[in-house]
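Visitor: So that we are looking at the same thing, I have put the structure below in structure tokens.
The values are calculated or read from the model by the stated rules, or taken from the named source; none is laboratory data. Just so you know, these numbers come straight off a predicted model, no measurement behind them. Note that we place each Cβ from the backbone using ideal geometry, even for glycine, and neighbour counts take in every protein chain shown.
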Amino acid sequence: MRALLVVPAYDEEESLPATLAELAREAPGLDVLVVDDGSADGTAAAARAAGVPVLVLPVNLGVGGALQTGFRYALERGYDVAVQFDADGQHDPRDLPALLAPLAAGACDLVIGSRFVERAGGYRAPWTRRAGMLLFSGLTSLAVGRRLSDTTSGLRAYGRRVMRLCLDYFPQDFPDAPLLIWLARQGVRWTEVPAHMRARRGGTSFYTFTKSLYYPYKTLLASLIAVLRTGAGERGPAA
Amino acid sequence: MTRAQTIAVLVAVLLVLAVLELVRRRKLSEEFSLLWVVASLGAVLLGVWTGLLTGITRALGALYETSVIFFFGLLFVLLLLVYYAVKLTALTQEVRRLAQEAALARLRLEEMERAAGAAPPPPPAPPGGPAAPAAGDHP
């Protein structure tokens, strides 16, 4: 099984070198690809300096758009799995073997690294964000008919089938709950494994204050649409 | 014709002419001009033929001709805005796809330049047809 780590990076020149160095140390067997999402700083140069291939997007597309670019690359070059991995050092490379195992066993098409399965790593978000996470994971669990504890996790492994589905439809800004609902309802086999989150190394979060007002609206609407879409899609021929 | 009617018809005719001129200068595509031309011609028609407006008002059970005009005017503008939003979404998707393809192509080009042993930028394409590029590692 060939796996590719896709690292979307937007203005991450501060934290990227350490993240890439850690990956080379802790996960030496894995190929890494950085997707520079229209950064204004030296993100692409930092990746090149680490000897990692970089896809440079001429404009900023958002996490989803950057990730989708990584999927195109992975599919083109015959990778079996693409792993979404944050540039800012929040994710722990030591979680990768557990994340990849279900895919390697052929048991799943999508594996989500969850902060809440088994209470791994002492991650504690502000209460507003915790309330939001609880709400969205509750709604998502309802929509997919099974408990999904972490809809906002940015540590996920996608098999080829899922990558192909993601080329058709992929939320460009926040690939969270709606994406998971849509994929689950397409019959994608998914599972969650425990993951450890750490404090970010530098840069700023994609989830800023102004977006925090827009996020609930967008996620609720898109989740609803995801449910409706698959309802309608099932009547037509499968894609 | 009353003075107000004359003015309305004149404005509508000018609008049609302006739209057609924009199309002629390739500043506006035929597709986008259609809605404007149809709406302006409708305005001309209503301005010239007052009986039509009174008839529509009566048929709709509206009290005033003016409210009928405003209703259809607003409806037209709303539909136009929705149409633009749909077009904008389609354009966004196209731009995104192009940005992604540009990033992929650029990386391939960088790889090929490196494989060709190269810092200097390659000379312009030779006249005898380009050399076959390495086919990459498609499975």
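Visitor: Determine, yes or no, whether A:Leu67 is in contact with a helix residue (DSSP H, G or I) (Cβ under 7 Å, 6 or more places away or on another chain) and in contact (Cβ under 8 Å) with a residue 40 or more places away in the chain.
Guide: So A:Leu67 fails the test.
Visitor: Tell me whether the range A:89-108 contains one or more residues that are closer than 17 Å to A:Leu180 by Cα, at pLDDT below 95 and in contact with a helix residue (DSSP H, G or I) (Cβ under 8 Å, 6 or more places away or on another chain).
Guide: Within the range A:89-108, one or more residues are closer than 17 Å to A:Leu180 by Cα, at pLDDT below 95 and in contact with a helix residue (DSSP H, G or I) (Cβ under 8 Å, 6 or more places away or on another chain).
Visitor: Has the range A:132-147 got any residue that is at pLDDT 75 or above, under 14 Å from A:Gly64 (Cα atoms) and crowded, with 20+ Cβ neighbours inside 10 Å?
Guide: Looking for residues that are at pLDDT 75 or above, under 14 Å from A:Gly64 (Cα atoms) and crowded, with 20+ Cβ neighbours inside 10 Å, one finds none in the range A:132-147, hence no.
Visitor: Output yes when any residue across the range A:154-175 is acidic (Asp, Glu), at pLDDT below 80 and touching a Lys or Arg at 6+ places or on another chain (Cβ under 9 Å), and no when none is.
Guide: Yes, the range A:154-175 contains a residue that is acidic (Asp, Glu), at pLDDT below 80 and touching a Lys or Arg at 6+ places or on another chain (Cβ under 9 Å).
Visitor: Would you mind finding the one in B:Ala99, B:Ala103, B:Ala39, B:Ala115 that is loosely packed, with under 12 Cβ neighbours inside 10 Å and either farther than 26 Å from B:Leu14 by Cβ or within 24 Å of the chain's Cα centre (by Cα) (or both)?
Guide: None of the other options fit; the residue is B:Ala115.
Visitor: Would a scan of the range A:21-30 turn up a residue that is within 14 Å of another protein chain (Cβ to nearest Cβ) and either modelled with pLDDT under 95 or surrounded by fewer than 24 Cβ atoms within 10 Å (Cβ to Cβ) (or both)?
Guide: No, that holds for no residue.
Visitor: So A:Glu76 passes all but one of these: (1) within 19 Å of B:Arg108 (Cβ to Cβ); (2) out of contact with any Cys (no Cβ under 9 Å at 6 or more places or on another chain); (3) buried (at least 20 other Cβ atoms within 10 Å of the Cβ); (4) within 13 Å of another protein chain (Cβ to nearest Cβ). Which condition number does it fail?
Guide: Going through (1) within 19 Å of B:Arg108 (Cβ to Cβ); (2) out of contact with any Cys (no Cβ under 9 Å at 6 or more places or on another chain); (3) buried (at least 20 other Cβ atoms within 10 Å of the Cβ); (4) within 13 Å of another protein chain (Cβ to nearest Cβ) one by one, A:Glu76 breaks only (3).
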